[in-house]
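As structure tokens, the structure follows; a few thoughts come after it.
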Amino acid sequence: MAYNCVVLIKQVPDTKRITGDVMNDDGTVKRSALPAIFNPEDLNALELALQIKEKFGGHITVITMGLPAASAVLRDSLFRGADEAILLTDRRCAASDTLATSYILSCAVKRIDYDIVLCGRQAIDGDTAQVGPQLAEKLGVTQITYVEELTDLDGKTITARRNIGNGWQQVKATLPVLLTVVGEANEPRVAAAKKMMKYKNACTPFEVQQRIKAENSDAVEAEIKELVANRCSKLEESGSLIKQLDLDDVEADLNWCGQSGSPTKVHRIQSVVLAAKGSKQIEPSKEAISDMIHELIDDKIIA
Amino acid sequence: MIDVNREGEVWVFAEQHNGQLEDTSIELMSKARHLADTLGVKLAAVVLGDGVKDLATRLAHCGADKVYVAEHPLLEAYQTNSYAKVMYDLIHKHEPQIVLYGATIAGRDLAPRIASASKSGLTADCTDLQIGDHTTVKDKKVHKNLLFQIRPAFGGNIVATIINHDRWPQMATVREGVMMMPEPDGSRKGEIIEEKVQLAQHDLPLEILQEHKRAKKVDLKAARIIVAGGAGVGSKDNFRLVWDLANCLGGAPAATRAAVDLGFIDHDHQVGQTGTTVRPSLYIAVGVSGAIQHQAGMSQSQKIVAINNDPDAPIFSFAHYKILGDLNEVVPMMIKSIREKS
């Protein structure tokens with residue numbers, strides 16, 4: 001039996017590469033100065049979906065909510081083996097916290113026929129691990145968090161192994177389910193050359209429009225519109241059109257989106273500056289080290 | 001979601017497994033006690049399970065004015081749905097203004113499910129909580145005595161203070177090991193309130209087939225002295241230096257993520273954002289650069305000694321004793337000096 005999988009992915013700034021150069025004076029981070037990458041654990045979620053598809057058959061839809069530029073991670077997903085890609089983009093999504101994000105994603109996922117929803121455990125820009133469980137609640141499906149291994153799928157039920165920190169737990173649940181996948185689950189495959197050829201032109205209607213405008217700088221609006229429509233339908237025929245949806249398309253209630261849908265607000269942001277009070281330079285000599293040990297004993301730091 | 005309610009209690013979800021309270025829940029009690037006192041409201045612990053009433057006494061000793069006990073055979077083992085349902089019902093019945101959870105495996109699984117159902121805010125992995133005022137930008141309205149939910153963000157490079165002024169309860173998960181354990185007071189008494197629980201088998205969509213828990217190889221949280229090695233130690237063989245120094249001090253050996261990833265030592269020994277958060281009396285960092293993710297797990301150590309051959313290593317900006325030199329020479333000197341003195 002085949003399974004329809006929906007994989008939720010996120011394009012994130014590579015927070016591991018933060019240096020002083022990308023910090024603003026007020027302690028905030030210049031997101032634009034950091035390379036945008038495929039959130040690492042979302043790659044593990046996609047890999048697990050690909051393994052399910054290889055073993056049992058089915059269809060993989062990848063969805064991301066983000067800026068138009070997030071189409072890059074969708075293209076990457078197509079290169080790795082996803083069947084369909086959806087970009088959920090809308091200015092009104094801005095300032096969404098995890099609750100609003102999970103609501104918006106639920107509106108998009110509900111329109112798809114799915115058996116299994118997969119997410120990475122958490123994204124490296126926020127590390128909250130909240131969107132997965134919140135989305136499961138909004139969809140009304142069972143959540144299995146911290147999945148490190150898919151043990152079995154038998155048509156109606158799924159058996160999976162959860163990483164519970166100091167051990168593991170094997171659980172079974174009836175489909176549909178939402179899984180959050182940890183980095184230990186697998187080694188994500190790289191893009192396949194064949195798929196890269198196939199999807200080399202894959203893009204969103206927004207990108208089509210930008211290209212057409214650049215190519216036909218003197219065309220009037222009506223002409224551009226027609227050219228865009230033509231190009232998009234051609235791409236759609238070849239399966240290379242990345243679907244683009246806004247909040248109206250997914251019939252989201254705007255009260256639950258963006259700022260108004262987000263109960264949590266930022267009160268203050270500070271940069272991390274640690275400094276020791278009364279720090280001492282110790283020479284790497286026998287005598288100096290012996291003095292330091294002595295001081296630590298006197299201070300009752302060492303018993 | 002519940003209405004903003006200034007008389008609401010401060011709640012701690014007292015997580016237990018097999019009748020054992022999680023350390024993080026106990027750690028939370030001292031901070032929650034402080035928050036409740038600042039607000040002038042009661043502190044309540046909420047414990048779910050089967051046959052867990054006895055835990056109420058310990059929770060009272062640790063600062064709870066009230067303990068809500070929800071017992072049911074179907075609550076014996078933790079499951080997202082059953083626990084979320086019972087917590088949701090209790091929150092809507094008693095309308096606490098603050099609900100805190102440990103950022104444990106179960107806490108991070110449970111809290112978002114409850115937050116989504118109650119359409120309230122939730123901040124993950126807080127490292128500090130305070131009470132303070134917030135002025136909304138749009139209408140310049142001052143919201144007094146809100147819960148400041150303080151957490152590292154962006155890979156630990158910034159610290160964000162999050163508030164939730166209109167859709168309550170204000171909820172947060174709190175990272176393990178960052179709050180001080182309270183000193184239990186055996187004379188403290190709390191009011192025990194038994195709550196009726198309505199659960200059916202369909203509230204438990206998971207079947208737990210098997211569970212395997214292993215004891216951690218090292219209890220870093222309990223260690224008074226920690227000797228941590230970083231990638232600078234160079235090899236697994238050379239990591240022996242870290243073990244030797246820890247042994248002669250009666251301390252615990254630890255490591256940075258980089259050292260763990262290089263296979264120098266087991267993950268159980270990892271300190272930092274993705275490892276354990278520690279606050280020992282003495283933290284000796286051997287060949288540790290002091291990346292922000294590592295700092296997050298050890299910056300609250302009472303005294304920090306850093307040994308590194310790179311004068312620009314970030315660790316030197318916050319270590320108390322800075323030794324610029326070759327760890328292969330410095331560590332043996334330290335061991336010798338300690339042995340001579342004791």
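The values are calculated or read from the model by the stated rules, or taken from the named source; none is laboratory data. Only a predicted model underlies this, so the values are computations on that prediction, with no experimental measurement involved. Cβ: placed from backbone, ideal geometry, glycine included. Neighbour counts: every protein chain shown.
Here are the numbers for this structure:
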item	result
Matching entry among A:Gly58, A:Gly66 (being surrounded by fewer than 22 Cβ atoms within 10 Å (Cβ to Cβ), under 19 Å from A:Pro40 (Cβ atoms) and not charged (D, E, K, R))	A:Gly66
Positions within segment B:136-149 being facing chain A (nearest Cβ under 9 Å) and under 21 Å from A:Ser271 (Cα atoms), in sequence order	B:Phe148, B:Gln149
Considering residues of segment B:217-232 that are aliphatic (A, V, I, L, M) and touching a strand residue (DSSP E or B) at 6+ places or on another chain (Cβ under 6 Å) only, the residue modelled with the lowest pLDDT	B:Val218
Any hit, segment A:251-260, residues being in contact with a helix residue (DSSP H, G or I) (Cβ under 9 Å, 6 or more places away or on another chain), facing chain B (nearest Cβ under 7 Å) and crowded, with 17+ Cβ neighbours inside 10 Å	no
Lone unmet requirement of (1) in contact with a strand residue (DSSP E or B) (Cβ under 7 Å, 6 or more places away or on another chain); (2) away from chain A (no Cβ under 13 Å); (3) closer than 30 Å to B:Cys248 by Cβ for B:Glu194	(3)
Search result, residues across segment B:10-36 that are charged (D, E, K, R), closer than 15 Å to B:Val99 by Cα and either surrounded by fewer than 19 Cβ atoms within 10 Å (Cβ to Cβ) or over 17 Å from the mean Cα position of the chain (by Cα) (or both)	B:Arg33
Filtered residue count, segment B:111-124, keeping only those that are closer than 19 Å to B:Gly177 by Cα and either surrounded by fewer than 24 Cβ atoms within 10 Å (Cβ to Cβ) or more than 7 Å from every other protein chain (Cβ to nearest Cβ) (or both)	1
Residue that is surrounded by the fewest Cβ atoms within 10 Å (Cβ to Cβ), among those in segment B:271-289 that are at pLDDT below 95 and either of a type in the set (S, T, N, Q) or at positive phi (or both)	B:Thr274
Filter pass, B:Asn164 being outside the structural domain of B:Ile292 (by TED's automatic domain parsing), within 23 Å of the chain's Cα centre (by Cα) and over 20 Å from B:Leu100 (Cα atoms)	no
Residues within segment A:281-303 that are surrounded by fewer than 18 Cβ atoms within 10 Å (Cβ to Cβ) and farther than 16 Å from B:Val330 by Cα, tallied	6
Subset of segment A:22-79 (residues that are out of contact with any helix residue (DSSP H, G or I) (no Cβ under 7 Å at 6 or more places or on another chain), of a type in the set (S, T, N, Q) and either within 19 Å of A:Ala129 (Cα to Cα) or modelled with pLDDT of 95 or more (or both))	A:Asn39, A:Gln51, A:Thr61
Scan of segment B:308-342 for residues that are within 8 Å of another protein chain (Cβ to nearest Cβ), touching a helix residue (DSSP H, G or I) at 6+ places or on another chain (Cβ under 8 Å), aliphatic (A, V, I, L, M) and touching a residue at least 24 places away in the same chain (Cβ under 8 Å), ordered by number	B:Met334, B:Ile338
Pick from segment B:197-216, criterion surrounded by 12 or more Cβ atoms within 10 Å (Cβ to Cβ) and out of contact with any strand residue (DSSP E or B) (no Cβ under 8 Å at 6 or more places or on another chain), ranking: nearest to the other protein chains (Cβ to nearest Cβ)	B:Lys216
Output for segment B:170-219, where each listed residue is assigned to a strand (DSSP E or B) and either hydroxyl-bearing (Ser, Thr, Tyr) or touching a residue at least 12 places away in the same chain (Cβ under 8 Å) (or both)	B:Gln170, B:Met171, B:Ala172, B:Thr173, B:Val174, B:Glu191, B:Ile192, B:Ile193, B:Glu194, B:Glu195, B:Leu206, B:Ile208
